[in-house]
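Step one of this worksheet: look at the structure below.
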Amino acid sequence: MSKYRFIVFSLIFIVVQIFICNYFPFSRYVLISILPALLLMLPLEYGSNVSMLIAFAAGFAVDFFSTGMLGITSASLVPAALLRQPLISFVFGDEISSRAERIIPGRIGLPKMSLAMLLLCAVFFLCYVWMDAADTSGFWSGALRFALSVAASAPLCVLVAGILRPE
């Protein structure tokens with residue numbers, strides 16, 4: 001039952017992300033994304049290849065149905081999915097990866113979960129801001145956009161992770 005619950009909530013949060021992109025553009029400098037939370041909460045038995053395929057599909061759906069450029073979210077989520085397994089081993093330790101446990105925010109604790117989301121959001125927004133700027137804006141405006149987007153999205157991603165895996 002929890003597998004179907006995770007799939008349904010993941011699809012709901014992809015639709016929520018599409019609504020955020022379409023109807024709630026907060027600022028030119030603040031991007032809100034909950035997609036890194038979906039990546040981190042994927043089952044650990046999914047390897048990097050499956051995670052990257054899921055990341056591409058989710059990013060493409062968000063790009064297709066929102067007002068963004070087609071492919072920018074996909075191209076930003078795929079490197080984050082590639083770094084998902086090493087990030088899990090780094091932040092949570094090797095025992096979670098070796099036993100293929102589920103990542104449950106209540107058991108792991110808020111500091112580790114926040115650190116993991118902060119790092120995954122940083123990878124995602126580093127790629128996103130770099131590709132979106134495409135040498136058309138200065139370094140400091142890109143750095144401000146990156147910092148504000150990570151600061152706004154990381155706490156929201158921790159909240160979404162708690163909803164995806166409430167046990």
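The values are calculated or read from the model by the stated rules, or taken from the named source; none is laboratory data. None of the values given here were measured: they were computed from a predicted structure. Cβ: placed from backbone, ideal geometry, glycine included. Neighbour counts: every protein chain shown. Just the protein is used for accessible areas: all its heavy atoms, side chains included, with ligands, DNA and RNA removed. Shrake-Rupley method; radii C 1.70, N 1.55, O 1.52, S 1.80 Å.
Things to note:
- Estimated at the nearest 10 Å², the accessible area of residue 56 is 110 Å² with a 1.4 Å probe.
- Those trypsin sites (Lys or Arg not before Pro) in the range 9-109 that DSSP places in a loop and that have at most 13 other beta carbons within 10 Å: 28
- When Rg and Dmax are taken over the Cα atoms of the range 29-167, they come to 14.7, 46 Å.
- Viscosity 0.692 mPa s, 37 °C: Kirkwood-radius Stokes-Einstein D of the range 1-44 over Cα pairs, µm²/s: 284 µm²/s
- A helix-only calculation puts the chain at -24500 deg cm²/dmol for mean residue ellipticity at 222 nm, using -39500 (n - 2.57) for each DSSP H run of at least four residues, averaged over all residues.
- Base-10 log of normalised Debye intensity for the range 21-78 (one unit scatterer per alpha-carbon) at q = 0.14, 0.15, 0.19 Å⁻¹: -0.40, -0.45, -0.69
- Which of 31, 109, 50, positive extreme of dipole for the chain (C-beta unit charges): 109
- With Cα atoms, 0 to 90° folded angle of helix 2-23 axis to the chain main axis: 10 degrees
- Highest mean packing comes first when the peptides 38-44, 58-64, 135-141 are listed by Cβ atoms within 10 Å, giving 38-44, 58-64, 135-141.
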